[in-house]
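Questions regarding the structure given below will be posed in turn.
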Amino acid sequence: MQIVIASGKGGVGKSTVTASLIYLLRDKYDLVVVDADADAPNLHLLLGVEKWEEEKELIGARVATINQDRCVGCGICYERCPYESIKLVEGRYVVNELTCEGCGVCKLVCPVSDTITLDEVRSGVIRKTTTKHGFPLISAQLDVGRPNSGKLVTKEKEWAKRIMEERGIDHMIVDSAAGIGCQVIASISGTDVVILVAEPTPASLSDVKRVYKVVQHFKEPAYLIINKADINPGFKGLYEFAEQEGIPILGEIPYDRAVPYSMTMLKPFVEAFPKSKASKALEEIAKAVEDEILK
Ligand code: SF4
Ligand code: SF4
């Protein structure tokens, strides 16, 4: 069983909910966890990870380089680069490595052969560890300016599947990135279930609707958790959306200052403040996940 937790909008508490949900499920179920936000991974921080057992570089991005000895300074590459990644510096055309997307347009349009090369460079790293809670965690980190974050997430899931096979683990939980970009698509593709986390605000509703379109594209069943459920009592949009689309609501978590405090302690809130109202609500949600999804 693969479960993806997604939100569309960032900042709604998806990773804090994920960390606590995993913490509650870990004793009953063998899990492998994937942090699929390669741009800004933070699940390892919430789970108190201090070191990685294995790290591997991913080479996959391409960057253009201009051979200054052959360049005749015509400026065509500068005019045609779709990402404005070529600059004129002291009379020479040079590539900004951080913004170059490796699309190859400059190489195609350059009138002097073998002047522009596209070289493979590091996209980022994939790493794995065993958390102090006993389950394996796979995480990735994209280097600044590098594309291919979807490929990185696909690689993470491959690592997770290998661990599942080696150790006989039944369940993978994937903490997806925010948005609806390639990382989210790579997370949702091939999963069994998606749990959406949203807060009762128009912005969160708008973004959860967008990510739900991705879920529908892959024809996956979806469930909803409403976080900070009491911050906007007059707002019924999330409930109407869930009813309209037939999305079961797994539960509601009230706003609770124990949650941000637990983040400063680098602990899931159910571990740091097990008696808090947010923890009690999440216990009910964990039971619903067991009954509805892991049954
Ligand atoms: S590879 Fe593409 S993005 Fe990079 S410099 Fe050439 S045209 Fe610009
Ligand atoms: S198109 Fe080729 S020759 Fe012209 S400025 Fe660019 S690298 Fe130099």
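Checking the conditions here, which among 87, 107 is farther than 30 Å from residue 133 by Cα, buried (at least 16 other Cβ atoms within 10 Å of the Cβ) and within 14 Å of ligand 2 (Cβ to nearest atom)?
The match here is 107.
Let me ask another. Check the range 252-259 and report whether any residue there is crowded, with 17+ Cβ neighbours inside 10 Å and part of a strand (DSSP E or B).
yes
If a residue must be within 16 Å of ligand 1 (Cβ to nearest atom) and not hydroxyl-bearing (Ser, Thr, Tyr), how many such residues does the range 40-72 contain?
Going residue by residue through the range 40-72, those that are within 16 Å of ligand 1 (Cβ to nearest atom) are 60-68, 70-71.
Those still in the list that are not hydroxyl-bearing (Ser, Thr, Tyr) too: 60-64, 66-68, 70-71.
Count: 10.
Right, next: Confirm whether residue 71 is modelled with pLDDT of 95 or more, near ligand 2 (Cβ under 9 Å from one of its atoms), outside the structural domain of residue 39 (by TED's automatic domain parsing) and in a helix (DSSP H, G or I).
No.
If I ask for residues that are surrounded by fewer than 21 Cβ atoms within 10 Å (Cβ to Cβ) and assigned to a helix (DSSP H, G or I), which ones from the range 25-43 would you list?
Listed by number, the list holds a single entry, 25.
Hey, among 90, 84, which residue is without any contact (Cβ under 8 Å) to a residue 12 or more places away in the chain, outside the structural domain of residue 139 (by TED's automatic domain parsing), on the phi > 0 side of the Ramachandran plot and not polar (S, T, N, Q)?
Numbers: 84 fails: without any contact (Cβ under 8 Å) to a residue 12 or more places away in the chain.
Exactly one of 90, 84 is without any contact (Cβ under 8 Å) to a residue 12 or more places away in the chain, outside the structural domain of residue 139 (by TED's automatic domain parsing), on the phi > 0 side of the Ramachandran plot and not polar (S, T, N, Q), namely 90.
Can you tell me which residue among 50, 101, 57 is away from ligand 2 (no atom under 15 Å from the Cβ), acidic (Asp, Glu) and either more than 22 Å from residue 154 (Cβ to Cβ) or touching an Asp or Glu at 6+ places or on another chain (Cβ under 8 Å) (or both)?
Within the list 50, 101, 57, the selection yields 50.
Still on this structure: Being under 19 Å from residue 8 (Cβ atoms) and of a type in the set (Ser, Thr, Tyr) is the filter here, so list the residues in the range 227-280 that pass it.
If the condition is that a residue be under 19 Å from residue 8 (Cβ atoms) and of a type in the set (Ser, Thr, Tyr), then 239 is the only one that fits.
The values are calculated or read from the model by the stated rules, or taken from the named source; none is laboratory data. These numbers were taken from a predicted model, which means no experiment stands behind them. Quick reminder, even Gly has a Cβ in these numbers, built from the backbone with ideal geometry, and neighbours come from all protein chains shown.
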